[in-house]
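Here's the structure, in structure tokens; my notes come after.
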Amino acid sequence: MNAKIAVFSGDGIGPEVVKEGTEVLSLVASLHGFGVEFEEGLVGGASIDASGKPLTDPVLKLAKQSDAVLLGAMGGPKWDGLDYSIRPERALLALRSELGLFANLRPVRLFSALASASTLKRKVVEGTDLLVVRELIGGIYFGQPKGVTRLPDGTERGVNTEVYTTPEIERIARVAFEAARKRRGYVTSVDKANVLEVTELWRRVVTRVHREGGYADIRLDHMLVDNCAMQLLRDPKQFDVIVTTNMFGDILSDEAAMLTGSIGMLPSASIGGKVGMYEPVHGSAPDITGRDMANPLATILTIALMLRHSLDRSEAADRIERAVEAVLDEGYRTTDIQESGRRVVGCREMGSLVREKIQSLH
Ligand SMILES: NC(=O)c1ccc[n+]([C@@H]2O[C@H](COP(=O)([O-])OP(=O)(O)OC[C@H]3O[C@@H](n4cnc5c(N)ncnc54)[C@H](O)[C@@H]3O)[C@@H](O)[C@H]2O)c1
């Protein structure tokens, strides 16, 4: 039976990079003897333009009935003036919570051919290979009370609330320990337990899951978020799996992203429910939209995560990652990872170079 993939390209460079991703997926499916079918849906700004809403019920239904969702990017200046409740990015939050995607996995691996594309010294970043496991549907982005109210004296008061319950922490901790076991690595749990009671609970529950959940063979460290932000730049190789809250994960994973040189290289997977959702970490990049300048490698590497986590095809995932590495080793670069002496190619050409390499690899 064919794997059914819901494809939501979204806005800006979304459609450009997603096209390269779906072509890679079709190719590995034919090479590895399985079928895929794609069904497209409008999300974000494209959906607002068509229906006035960032996510419609039929598109949500399509996502729920698929084996996996591939997402491009949402948003852009055209929709920036809209109210928060109907901004393109609301579709992303709604999809995550409707699909029960409580864990966001962001691998940060520096391809050694790109060590000098990082703003940090080669000796600091070379060999970086870590995974940020971010809690995705709890914490301060969802906690109540929230909102801005006007006070009797005419001033305004803004509130967001960081909330975590024991089951929410237990399940994300398990995802992190399982990932560490697969990688034969270890876990650093990141919190602000010295100041925030909610993350004191986080630390206690992660420690209990480690001790009582059958993970005592895996090393567990705790680190305060401010120190972690610093350590990621000082010595990123000290980390293997980092597990943290929604907001800390949002910030730390973008910081970790820069270790690799470009946000255009970073894939992500959101899992936890029946259907996983896969998307490049970057946004819609309005500054380069329509100019064949986007780096499609984040989306192509996202397809590898989909194959591994939703389609149970890890050999096809490995093949994609090896092909990307080989193309970079041969010196091909998109503008965002450009270096002197390397050949700069556009989005389309980078996609076809990876596909050629996939075909020639065994
Ligand atoms: N998951 C998402 O859909 C998502 C994530 C982040 C931002 N956004 C939205 O995207 C819009 C633009 O946001 P932003 O500019 O802060 O972030 P962005 O990630 O779109 O762009 C940041 C910078 O990185 C570059 N860049 C991003 N992806 C690239 C790629 N694949 N190849 C080459 N260069 C790339 C851009 O050209 C830009 O200079 C906003 O509307 C924002 O809300 C959406």
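In this structure, does residue 233 turn out to be touching a residue at least 40 places away in the same chain (Cβ under 8 Å), part of a helix (DSSP H, G or I) and more than 16 Å from the ligand (Cβ to nearest atom)? I'd like the intermediate steps shown before the answer.
Details: touching a residue at least 40 places away in the same chain (Cβ under 8 Å): yes; part of a helix (DSSP H, G or I): yes; more than 16 Å from the ligand (Cβ to nearest atom): yes.
Yes, satisfied.
Confirm whether residue 279 is modelled with pLDDT of 95 or more, charged (D, E, K, R), crowded, with 20+ Cβ neighbours inside 10 Å and at negative phi.
Working: modelled with pLDDT of 95 or more: yes; charged (D, E, K, R): yes; crowded, with 20+ Cβ neighbours inside 10 Å: yes; at negative phi: yes.
Answer is yes for this residue.
Select from segment 333-362 the residues that are closer than 21 Å to residue 31 by Cβ and assigned to a loop (DSSP other than H, G, I, E, B) and list them in ascending order.
Answer for segment 333-362, where residues must be closer than 21 Å to residue 31 by Cβ and assigned to a loop (DSSP other than H, G, I, E, B): 361, 362.
Do we find a residue being crowded, with 22+ Cβ neighbours inside 10 Å, under 20 Å from residue 8 (Cβ atoms) and not assigned by TED's automatic domain parsing to the domain that holds residue 229 anywhere in segment 319-327?
No, that holds for no residue.
It is to be established whether one or more residues within segment 82-89 are within 12 Å of the ligand (Cβ to nearest atom) and crowded, with 22+ Cβ neighbours inside 10 Å.
Yes, some residue in segment 82-89 is within 12 Å of the ligand (Cβ to nearest atom) and crowded, with 22+ Cβ neighbours inside 10 Å.
Could we say that residue 138 is over 14 Å from residue 249 (Cβ atoms) and surrounded by 11 or more Cβ atoms within 10 Å (Cβ to Cβ) here?
Numbers: over 14 Å from residue 249 (Cβ atoms): no; surrounded by 11 or more Cβ atoms within 10 Å (Cβ to Cβ): yes.
Spelling it out, it is not the case that residue 138 is over 14 Å from residue 249 (Cβ atoms) and surrounded by 11 or more Cβ atoms within 10 Å (Cβ to Cβ).
Do we find a residue being in a strand (DSSP E or B), of a type in the set (Gly, Ala, Ser) and either surrounded by 14 or more Cβ atoms within 10 Å (Cβ to Cβ) or modelled with pLDDT under 95 (or both) anywhere in segment 173-191?
yes
Right, residue 293: on the phi < 0 side of the Ramachandran plot, in a loop (DSSP other than H, G, I, E, B) and surrounded by 17 or more Cβ atoms within 10 Å (Cβ to Cβ) or not?
Details: on the phi < 0 side of the Ramachandran plot: yes; in a loop (DSSP other than H, G, I, E, B): yes; surrounded by 17 or more Cβ atoms within 10 Å (Cβ to Cβ): yes.
Yes; evaluated as a whole, the condition is true for this residue.
From 330, 339, 325, which residue is within 15 Å of the ligand (Cβ to nearest atom) and acidic (Asp, Glu)?
Exactly one residue qualifies, and that residue is 339.
The values are calculated or read from the model by the stated rules, or taken from the named source; none is laboratory data. Since the model is a prediction, treat every value here as computed from it, not as a measurement. Every residue, glycine as well, gets a Cβ built from its backbone with ideal geometry; the counts of neighbours run over all protein chains shown.
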